[in-house]
Amino acid sequence: MKRYLFVAMILMAAAFAGGCNSWGKAVPQGKIRNQVVEADVRKNLLNDRITGFEVSVYENGTAYLKGHVKNRSDRDKAREDALKVYGVKRVVNDITIDS
């Protein structure tokens, strides 16, 4: 009995681990993928009420942020929001702080 329980637990663990590899993400490729990633970055920024700049994403997973914000905290938060998005590997933060 213990042997069957052990085998069942091993099989369940293997099935669960195999299902978690992609976390259910179907990743589009090319320009469409970039547009999806850009939209997700913009959504995160709007949720934090950070506006006033452009977002661009390129094939290598680099997000470019350019524009103006009110303070350093918003600038740092914009970078963090971009890095949260699945597909963003690097952020180039060209956001300036208004004096």
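Computed from the coordinates by the stated procedures, all read-outs in this text should not be read as laboratory data. Note that the coordinates shown come from a computational prediction; the quantities given were computed from them, not determined experimentally. As a convention, Cβ positions derive from the backbone with ideal geometry for all residues, glycine included, and neighbour counts pool all protein chains shown.
Before moving on, here are some points about what is shown:
- Using a simple spin-label model with pseudo-atoms 7 Å out from Cα toward Cβ, residue 59 and residue 35 lie 1.8 nm apart.
- Full-extension gain in nm, residue 94 to residue 47, via 0.36 nm per residue minus C-alpha separation: 14.9 nm
- Proxy reagent accessibility, fewest Cβ within 10 Å first, across 92, 69: 92, 69
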